[in-house]
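Read-outs throughout are calculated quantities, based only on the coordinates presented, and are distinct from any laboratory measurement. Since the structure is predicted, the reported quantities are computational estimates derived from the model, not experimental observations. With ideal geometry, Cβ positions are generated from the backbone for all residues, glycine too; neighbour counts draw on all protein chains shown.
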Amino acid sequence: MTPDKIIVTLVGLAAIGFIVWFFWLVKRPGVKAAMGSSGYQEAMVLVKGGYTPDIIIVEKGKPVRLNFVRTESASCSEMVLFPDFDKSAHLPEGETVSVELMPDKAGEFEFQCQMGMLRGKLIVE
């Protein structure tokens with residue numbers, strides 16, 4: 001093998017390693033929902049090419065209100081689904097939509113768009 005082929009192979013393997021690390025191995029910190037004056041744990045979630053924040057941490061046994069604001073027109077982001085809570089909501093573009101949940105057990109619960117392309121996680125402690 002020539003030196004240029006060795007260099008190209010090593011750079012390619014390094015790029016593959018970086019992609020695997022970045023997309024699958026990095027643990028992103030979650031955002032803790034703030035306790036509002038209404039007694040709900042609340043967080044704002046921006047819907048634009050994904051959910052920001054996509055990891056929300058809440059306390060078990062206290063009601064949660066997630067306020068979704070969709071700022072894009074992609075059809076995939078029109079709905080948000082919480083299968084573990086049997087909840088869903090339609091997200092009109094430019095409007096704030098609240099989803100209220102009661103997390104009664106600890107764990108990690110995913111939420112997603114109706115196509116499963118946009119994903120987030122609710123961590124109940």
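Tell me, what is the FRET efficiency for residue 48 and residue 15 to the nearest 0.05, using R0 = 25 angstrom and their Cβ-Cβ distance as r?
Efficiency computed from Cβ-Cβ geometry: 0.35.
Relative to the longest principal axis of the C-alpha atoms of the chain, give the angle of the C-alpha long axis of helix 3-20, reported between 0 and 90° and rounded to the nearest 10°.
10
Once you place label points 7 Å from the Cα toward the Cβ at residue 6 and residue 115, how far apart are they in nm?
4.6
Could you tell me which of 51, 63, 91 has its Cα farthest along the dipole of region 31-124 towards the positive end, charges placed at Cβ (Lys, Arg +1; Asp, Glu -1), taken about the Cα centre?
63
What percentages make up the Cα-Cα pair-distance distribution of region 1-40 when the bins are 5 Å wide from 0?
The percentages, shortest bin first, are 5, 18, 11, 12, 10, 8, 8, 6, 6, 5, 4, 3, 3, 1.
For region 29-125, which chymotrypsin sites (Phe, Trp or Tyr not before Pro) pass both filters: DSSP loop (anything but H, G, I, E, B) and at most 15 other C-beta atoms within 10 Å?
Answer by residue number: there is no such site.
Using the alpha carbons of the chain, what is the convex hull volume per residue in cubic angstrom, as a whole number?
132
Give me the Debye-computed log₁₀ of I(q)/I(0) at q = 0.19, 0.21, 0.24, 0.29 Å⁻¹ for region 51-102, equal point scatterers on Cα only, no solvent, two decimals.
-0.68, -0.82, -1.03, -1.34
Label residue 55 and residue 25 with points 7 Å out from Cα along Cα→Cβ: what is the distance between them in nm?
Those two pseudo-labels are separated by 1.6 nm.
Per DSSP helix of 4 or more residues, -39500 (n - 2.57); summed, then divided by the residues of the chain. What does that give at 222 nm, rounded to the nearest 500?
After summing the helix terms and dividing by the residues of the chain, the value is -5000 deg cm²/dmol.
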